[in-house]
Amino acid sequence: MKSQEIRSKFLNFFESKKHKVVPSAPMVLKNDPTLMFTNAGMVPFKEYFLGQKKVVDARVADSQKCLRVSGKHNDLEEVGKDTYHHTMFEMLGNWSFGDYFKKEAIAWAWELLTEVYGISKDILYVTIFEGDEKEGLAKDTEAYDIWKQYIDEDRILLGNKKDNFWEMGAQGPCGPCSEIHIDIRSLKERNLVDGKMLVNMDHPQVVEVWNLVFMQFNRKADGSLENLPNTHIDTGMGFERLCMALQGVKSNYDTDVFTPLIREIETITGVKYETSNNPEDEKDIAIRVVADHVRAVAFAIADGQLPSNNGAGYVIRRILRRAIRYGFTFLNQKEPFIYKLVETLSHQMGDAFPEIKAQEHLAHNVIKEEEHSFLKTLELGLVLLENIMNNAGSKTISGRKVFELKDTYGFPVDLTALILSEKGFSYDETEYEVALKEQQDRARKATAIETDDWQILVEDEEEEFVGYDTLEVDVKLTRYRKISTKKDGDQYQLVFNMTPFYPEGGGQVGDVGYIEAPNGDVVYVLNTKKENNLIIHYTKNLPSNVNHRFKAVVDKESRSLSASNHTATHLLHQALRAVLGSHVEQKGSLVSPKYLRFDFSHFSKVDADQLNEIEEFVNARIRENLPLEEKRNIPMQQAIDEGALALFGEKYGDSVRAIRFGQSMELCGGTHVKQTADIWYFKIKSEGAVAAGVRRIEAITNMAVGDYFIDIENNYEAVKETLKNAKDPVKAITNLQDENSALKKQLEQLLKEKAGSLKGDLKKEIAEINGVNFLAKKVDLGPKEIKDLVHEIGGELDNLFLFIGAENEGKATLTCYISKDLAAAKELNAGTIVRELGKHIQGGGGGQPFFATAGGKNPAGIDAALEAVKVYLN
């Protein structure tokens, strides 16, 4: 059975059980401060489990893209080394929000596996929660009794809290679960060892395939449990493992989920994949790593997350670099190659997940550029590692140096260990672990958040946002809690029954303002964010009486400026598509009161003429004074049919808000001006690249443009004053540039003449030592002149060894020239020599065996370096 059919049968089965089949939510999360990625199928439905969003469909089924590479659920280092862990995987799930519970969930799971998929019950085992005395939790006898109707009791196994009690996190909904395990070993193997002995023992052919979670408790901040008002079902079945079982293979990588990618890797690299019969083969591990990781990276890019140096982007970059490293080390791939797999992936999965097909070109280019960049990093790391070994003084190098290579230059520690081993070196692993732990502790302290339980004052299922229509409203506090971070100290999070405060989202920053009590006391709102469908207001203080009614007031100027910049991003998007082409898509944005930032897909620099045209396009729309046309709570498909642009990677509900200004129409939840003339003026400040195929424009509007023009005028007046109030400042500057150019040429000629006259003097000072024409000398020339000089002398004399020191603008330079024949005969290396002697000038450098340079900040050390070089003649 092909994987596409397996997926379809699952969704069709639950559709027949009156479940609504919904598309996969984005794998990258943008409005959840507790998670960077969707790491389980239930994540898109958290608001329902928390009771913070009204349930529209009580029964839902889907195939959700998931990523487990950070935090508690982190499978990254296992991927490739075994045959069943993955970074990105599909989670087939069926959900009940306060509707059916254990009886139906178990019955349908059994029916689907044994009747629809035809899996023999003789290779299935189930586990149920055995209870936990510390938690005061009893054995899940309800699940046990239900399972007895379908499977022999000796195949119902007891599981501990670790395996059979599922928790969303340190706080939140949780409950016992029942896992279904499958034993795909041969009959002979099953007769030798009973499968029940291998359940949850990390056996590659006895694996968990489905987890039925019975959500019935809420974990509080103090660790205690309370009953949820409603019980829920949350199931997750590993799609790749299910395919392995149904396709009769012993590894996920032998299913048709991965074989097309693996065949393409074989074609590109020329390395044959020997299947999973030898899971420890390094080449096979490398192929599995690449096949797995390209899926995670390409889908993350399609969902709007580009590789970067922080946050979720850093995780994606780390995954890709792991794949590059395995290809570099074990598949002998010294040039980019992973990007070539995106086409295969798109063809294979584009029907089920159309976002990968739509973003194929972008993923292809971003991955290619990232490969180029990291391969250069690997080259640099190899040079730095060689330098460390040359200067080690022993065969054990510093663990802190290895950590610095990883932390500062991104050079993987396992690759460092491999290279050291090949050269007969090792590193101090204890020292490395100490440095790593110090960094982790620093990061943990910087980001640690202590959160109290919500104090519920009023049960309110869904908070109402009224900020599109008013900036001031009377509100009632429904819940609050205290949080503590090292960065911000103690703060409070407040939730009201309604609010005019716009929460951070869609690129727009959150509103600020204040809430006022009837007695005039004011508490300032420092930020507003959205978490699990709650609009949360951050304050330093708690109101003195939380049961009062308050007046919530948004800062009018800040909101107005943000609205101006947000509307400008819509007009900018329209302008980019008009000027550059319809391929342009928004890839990210930041909208603040001060400026706007807009990232978009485009594969070349936007030239000055195009920028002027884009700027004029936007300002023309501003001058037209286009009115805001807004449609709220309309069906998603209706908005698309009417021409609204939707952004890939955004999570939209069934009902959406559409914003139109003239011909610009987008799905957007942000705040906007009433008419485009309110923007006043649009000015582009900069344009540049942020990733392969992604450009960034930063711009300003409104008051910021006025400040910008004032700065321009002030600078212009300062220039005029510097030029002694020249009538034509441009002409005066051009004259100065011409004079400067002429003086530079004169200086170059003088230095050239100086070097020419110096050449004869230096040749006279060259002495023969042990058959080598040698000179170590300090001269008063620049680096370029020294380079030309030593090569000229080298062209006239054989067996030459020149070592030249110089000081320029307070910096020291060392230059080493060795005739090529001499370098080979005497095993001399100019690069090694300058790296070593560069310590005298507190610097370093490198180059080729016959010519190299070093720079440093200590000119006083030049004489010591000139003296020390003589040791290389012995």
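Please go through the stretch 206-230 and give me each residue that is among the small types (Gly, Ala, Ser) and touching a residue at least 24 places away in the same chain (Cβ under 8 Å), ordered by number. The answer is Ala221, and nothing else. Among the residues making up the stretch 184-219, those that are out of contact with any strand residue (DSSP E or B) (no Cβ under 7 Å at 6 or more places or on another chain) and of a type in the set (Asp, Glu) are Glu189, Asp194, Asp202. Looking across Ile833, Ile841, one residue alone is without any contact (Cβ under 8 Å) to a residue 40 or more places away in the chain and under 15 Å from Ile786 (Cβ atoms). It is Ile841.
As a summary of the residue check, Ala435 satisfies the conditions (1) in a helix (DSSP H, G or I); (2) surrounded by 14 or more Cβ atoms within 10 Å (Cβ to Cβ); (3) out of contact with any Phe, Trp or Tyr (no Cβ under 8 Å at 6 or more places or on another chain) except for the one numbered (3). Being within 20 Å of Leu158 (Cα to Cα) and surrounded by fewer than 16 Cβ atoms within 10 Å (Cβ to Cβ) is a property that holds for Gly136. How many residues are surrounded by fewer than 18 Cβ atoms within 10 Å (Cβ to Cβ) and assigned to a helix (DSSP H, G or I) when one looks only at the stretch 824-841? Number satisfying all stated conditions: 3. Taking first residues from the stretch 159-188 that are in contact (Cβ under 8 Å) with a residue 12 or more places away in the chain and partners that are in a loop (DSSP other than H, G, I, E, B) and hydroxyl-bearing (Ser, Thr, Tyr), the Cβ contacts under 7 Å between residues at least 6 apart in sequence or on separate chains come to Gly169/Thr34. Under the condition of being in contact with a Lys or Arg (Cβ under 9 Å, 6 or more places away or on another chain) and assigned to a strand (DSSP E or B), the residues counted in the stretch 533-581 number 7. Of the set (1) touching a Pro at 6+ places or on another chain (Cβ under 8 Å); (2) under 19 Å from Tyr100 (Cα atoms); (3) of a type in the set (Phe, Trp, Tyr), all apply to Trp210 but (1). Looking at Gly381, Gly399, just one residue is outside the structural domain of Tyr326 (by TED's automatic domain parsing) and touching an Asp or Glu at 6+ places or on another chain (Cβ under 6 Å), and that residue is Gly399. If only residues of the stretch 80-113 that are of a type outside the set (Phe, Trp, Tyr) and in a strand (DSSP E or B) are counted, the one that is nearest to the chain's Cα centre (by Cα) is Met88. For the stretch 297-337, a residue qualifies if it is in contact with a His (Cβ under 7 Å, 6 or more places away or on another chain) and assigned to a loop (DSSP other than H, G, I, E, B), and exactly one does: Pro336. Ile769 satisfies every condition listed in (1) surrounded by 15 or more Cβ atoms within 10 Å (Cβ to Cβ); (2) touching a residue at least 40 places away in the same chain (Cβ under 8 Å) except (1). Looking across the stretch 604-651, the residues that are charged (D, E, K, R) and part of a loop (DSSP other than H, G, I, E, B) come down to Lys605, Asp607, Glu624, Glu642, Glu650, Lys651. Taking each residue of the stretch 726-754 that is on the phi < 0 side of the Ramachandran plot and looking for partners that are modelled with pLDDT of 80 or more and part of a helix (DSSP H, G or I) with beta-carbon atoms closer than 6 Å, six or more apart or interchain, yields Ala726/Ala732; Pro729/Val719; Pro729/Lys720; Leu751/Glu785. Close Cβ contacts (under 8 Å, 6 or more residues apart or on different chains) running from residues in the stretch 594-617 that are over 25 Å from Asn365 (Cα atoms) and at pLDDT 95 or above to residues that are of a type in the set (D, E, K, R) and surrounded by 13 or more Cβ atoms within 10 Å (Cβ to Cβ) comprise Tyr595/Lys685; Tyr595/Glu698; Leu596/Glu698; Glu615/Lys683. Across the stretch 658-680, the qualifying residues are those that are assigned to a strand (DSSP E or B) and small (Gly, Ala, Ser), and the one among them that is nearest to Phe617 (Cα to Cα) is Ser664.
Residues considered: Lys731, Lys778, Lys764. Of these, the only one that is assigned by TED's automatic domain parsing to the domain that holds Phe851 and within 52 Å of the chain's Cα centre (by Cα) is Lys778. Pairs meeting the criteria (first residue in the stretch 11-25 and farther than 11 Å from Val60 by Cα, second residue assigned to a loop (DSSP other than H, G, I, E, B), beta carbons under 7 Å, at least 6 apart or on different chains) are Ser24/Phe353; Ala25/Thr38; Ala25/Lys651. The set of residues from the stretch 703-725 being in contact (Cβ under 8 Å) with a residue 12 or more places away in the chain and in contact with a strand residue (DSSP E or B) (Cβ under 9 Å, 6 or more places away or on another chain) comprises Ala704, Val705, Tyr708. Evaluation of Gly844 against the conditions (1) outside any strand (DSSP E or B); (2) surrounded by fewer than 19 Cβ atoms within 10 Å (Cβ to Cβ) shows that the sole unmet condition is (1).
Answer yes if at least one residue in the stretch 231-243 is part of a loop (DSSP other than H, G, I, E, B), of a type in the set (A, V, I, L, M, F, W, C), in contact (Cβ under 8 Å) with a residue 40 or more places away in the chain and farther than 30 Å from Leu187 by Cβ, and no otherwise. Among the residues of the stretch 231-243, not one is part of a loop (DSSP other than H, G, I, E, B), of a type in the set (A, V, I, L, M, F, W, C), in contact (Cβ under 8 Å) with a residue 40 or more places away in the chain and farther than 30 Å from Leu187 by Cβ, which makes the answer no. Does Ala865 satisfy the criteria of being closer than 18 Å to Leu800 by Cβ and either in a helix (DSSP H, G or I) or touching a Ser or Thr at 6+ places or on another chain (Cβ under 6 Å) (or both)? The answer is no for Ala865. Scanning the stretch 473-502 for residues that are surrounded by fewer than 15 Cβ atoms within 10 Å (Cβ to Cβ) and part of a strand (DSSP E or B) gives Asp474, Ser484, Gly489, Asp490.
When you check Thr416 against the structure, is it free of Cβ contacts under 8 Å to residues at least 40 places away in the same chain and within 30 Å of Gly51 (Cβ to Cβ), yes or no? Against the criterion (free of Cβ contacts under 8 Å to residues at least 40 places away in the same chain and within 30 Å of Gly51 (Cβ to Cβ)), Thr416 does not qualify. Return a yes/no flag: does the stretch 54-74 have any residue that is in a helix (DSSP H, G or I), in the same structural domain as His232 (by TED's automatic domain parsing) and surrounded by fewer than 21 Cβ atoms within 10 Å (Cβ to Cβ). The answer is no; no qualifying residue exists. Asn191 falls short on exactly one of the conditions (1) within 18 Å of Ser120 (Cβ to Cβ); (2) touching a Cys at 6+ places or on another chain (Cβ under 6 Å), and that condition is (2).
Just one residue in the set Leu576, Leu572 is over 20 Å from Lys30 (Cβ atoms), aliphatic (A, V, I, L, M), out of contact with any Leu (no Cβ under 9 Å at 6 or more places or on another chain) and at pLDDT 95 or above; that residue is Leu576.
The values are calculated or read from the model by the stated rules, or taken from the named source; none is laboratory data. What you see is a predicted model; the values in this text were computed from it and never measured. Cβ coordinates were reconstructed from backbone atoms using ideal geometry, including for glycine residues, and neighbour counts include every protein chain displayed.
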